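Here the structure comes first, spelled out in structure tokens, and everything after it is commentary.
The values are calculated or read from the model by the stated rules, or taken from the named source; none is laboratory data. What you see is a predicted model, and the numbers here were worked out from it, not measured in a lab. As a convention, Cβ positions derive from the backbone with ideal geometry for all residues, glycine included, and neighbour counts pool all protein chains shown.
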Amino acid sequence: MRTRTLRFGLYADEQGLAWVSGLVAEAVGSHSARVVRKSVQVTLCGGELTTADAYDHLAEQWAVEHPGQSSGARQPVELRVDLECSLKTWRAIRKAVLHSLCPEGMAPHICRVPWSA
């Protein structure tokens, strides 16, 4: 088994981050994988790029979907989860998490936590 990484750009506060982390844990638990490490990043590429720059479109998405509402403590972050699993299992876990993030499908809707994968 190799270590493979899931990466999700999120515009989230602590509650939203906990929700997404729970979705990942649930997907991992239903497959034969093991979490090696989980981290939340605010810089990328060795600190050369901030998540605010990389995922600025998520803050814009929030503003469009929630006009006039405060974004509160939300900020652009990257959730990284290193898994020990096969490529097939990694793909299944990623697909399950993405489906859980947007269960409504392709129809227009408001995401609970704006995300990018």
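Could you tell me whether Y55 is within 17 Å of the chain's Cα centre (by Cα), among the hydroxyl-bearing types (S, T, Y), surrounded by 16 or more Cβ atoms within 10 Å (Cβ to Cβ) and at pLDDT 95 or above?
no
The lone criterion from (1) without any contact (Cβ under 8 Å) to a residue 60 or more places away in the chain; (2) under 14 Å from V77 (Cβ atoms); (3) in contact with a helix residue (DSSP H, G or I) (Cβ under 8 Å, 6 or more places away or on another chain) left unmet by V35 is number (2).
Residues of segment 1-48 that are in a helix (DSSP H, G or I), surrounded by fewer than 13 Cβ atoms within 10 Å (Cβ to Cβ) and among the hydrophobic types (A, V, I, L, M, F, W, C): A18, C45. May I ask you to verify whether Q61 is free of Cβ contacts under 8 Å to residues at least 24 places away in the same chain and assigned to a helix (DSSP H, G or I)? Taking the combined requirement at face value, the residue does not satisfy it. Only one of the listed residues (E78, E65, E104) is in contact with a Gly (Cβ under 6 Å, 6 or more places away or on another chain) and either closer than 18 Å to Q15 by Cβ or among the acidic types (D, E) (or both). That residue is E78.
The set of residues in segment 1-32 being touching a residue at least 40 places away in the same chain (Cβ under 8 Å), closer than 26 Å to K88 by Cβ and more than 10 Å from the chain's Cα centre (by Cα) consists of M1, R2, T3, R4, T5, E26, A27, V28, S30, H31, S32.
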